[in-house]
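Since the structure comes first, as structure tokens, the remarks are kept for the end.
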Amino acid sequence: MRSRLLATGATVVLFAALMGSCKSTSKNAREVRVAYLQIIPSLPVFVAQEQQLFDKENLRLKSIVLGSSNDLVNAIVAGQADILPATSLVPIIHLEIQSPGRVRVFSHSRMNNSNALDKIIVRDSSPLHTIVDLRGKRIGAFPGTAPSLMLARFLKKHGVDPATVSMVQLPPQAQISSLDSGAVDALFSYEPVTTTALVHGGYHQLFGSVYADLLNPCPIGASVISREFERNHRELAVGAVRALQQGVDYMAAHPAESRALLSKYVKLAPEIAARVNVADVTLANQVDVANLQQFIDLLYQTGEIPERVDAHRLVDATR
């Protein structure tokens, strides 16, 4: 009798363990790994978290905060992330060239001069007033080849030989101090550095968006999903994209409330969060293949990418 009770007890324990394991497996099976940067273009992710939009799709969001667009791409290549909701399109195109068919673009920015994330700024005391005045000067730019190549293209378009300009790659935290000290004469800066400088005073805009001047609208930012994830977990993939798209819709309907989240997630002062530019992005059914192709061609013309890529490769449905 005692052995029968022990056997029954063991069965109950085993059953409970199995049930717990099943629940855990089921929960993990609904997990979506979203990797992002703590930057302004990630605002749809912040909204989705605050509004519990993934929960409403019966998904368990695993947030992965990384430090650069290259880190994001490495994470998705390594199978450590399923979705990158706000990354530079440049490394995505490089990925498509080096390892075709890894990701699908389901949204992209429509950056124009009114909502652009970049500007050229100078000190109020600067003698520089036009683009031509940049000849022979030092311009601070975000690290990486793409910003410098795009800036060179922009300068040439406006009659300035890029060879006469010194481009100094500076991380965002060193940009304003470098401008103040005279280490650079102008900044090709991104948000929130630009708005922070303009709000605090002592600086002004020399020119608006370099990217939008070269291509308007400019799809430099993109949201991508792993094609492997789409093939293996189609229902989860659809739900995750829908949650992010609902985040974009919420931003449009509640702009002030959404912007306020930048103070929480990006650590911006409220007065800066209220004024920074937030680039418009497409919904999944608004992806502009022709615009993406224009950007790809621009990257090829500047020498950023070694070959031209058909934009359809980046956006066609996963099969």
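What follows draws every value from the coordinates through simple rules; no lab data is involved. Just so it is clear, the model here is predicted, and its values are computed rather than measured. Virtual Cβ from ideal backbone geometry, glycine too; neighbours counted across all protein chains shown.
Inside the range 93-117, can you point out the residues that are among the hydrophobic types (A, V, I, L, M, F, W, C) and either closer than 19 Å to D280 by Cβ or without any contact (Cβ under 8 Å) to a residue 24 or more places away in the chain (or both)?
Answer for the range 93-117, where residues must be among the hydrophobic types (A, V, I, L, M, F, W, C) and either closer than 19 Å to D280 by Cβ or without any contact (Cβ under 8 Å) to a residue 24 or more places away in the chain (or both): L95, V105, F106, M111, A116, L117.
Among the listed residues V77, V65, which satisfies the condition of being among the β-branched types (V, I, T) and farther than 25 Å from P192 by Cβ?
One residue alone meets the criteria, V77.
Can you tell me which of R153, R102 is surrounded by fewer than 22 Cβ atoms within 10 Å (Cβ to Cβ) and closer than 30 Å to V238 by Cα?
R102
For a quick check of your reading: which helices (runs of 4 or more DSSP H) sit entirely within the range 24-112 and have at least 2 residues that are β-branched (V, I, T) and over 19 Å from N291 (Cβ atoms)?
43-50, 69-77
Of everything in the range 260-319 that's of a type in the set (D, E) and outside any loop (DSSP other than H, G, I, E, B), which residue is nearest to A146 (Cα to Cα)?
Per the stated criteria, the residue is D297.
Hey, can you tell me all the residues within the range 32-76 that are more than 18 Å from M251 (Cβ to Cβ), crowded, with 16+ Cβ neighbours inside 10 Å and in contact (Cβ under 8 Å) with a residue 40 or more places away in the chain?
Those that are more than 18 Å from M251 (Cβ to Cβ), crowded, with 16+ Cβ neighbours inside 10 Å and in contact (Cβ under 8 Å) with a residue 40 or more places away in the chain: V32, R33, A35, L59, A75, I76.
Quick check on my filter: what residues within the range 92-125 are among the small types (G, A, S) and in contact with a Lys or Arg (Cβ under 9 Å, 6 or more places away or on another chain)?
G101
Go through the range 113-137 residue by residue and tally those that are more than 15 Å from the chain's Cα centre (by Cα) and not in a loop (DSSP other than H, G, I, E, B).
9
Would you tally the residues in the range 77-91 being surrounded by fewer than 24 Cβ atoms within 10 Å (Cβ to Cβ) and either free of Cβ contacts under 8 Å to residues at least 60 places away in the same chain or in contact with a strand residue (DSSP E or B) (Cβ under 6 Å, 6 or more places away or on another chain) (or both)?
4
For S178, only one of the following conditions fails: (1) over 22 Å from Q301 (Cα atoms); (2) out of contact with any helix residue (DSSP H, G or I) (no Cβ under 8 Å at 6 or more places or on another chain); (3) surrounded by fewer than 14 Cβ atoms within 10 Å (Cβ to Cβ); (4) free of Cβ contacts under 8 Å to residues at least 60 places away in the same chain. What is its number?
(3)
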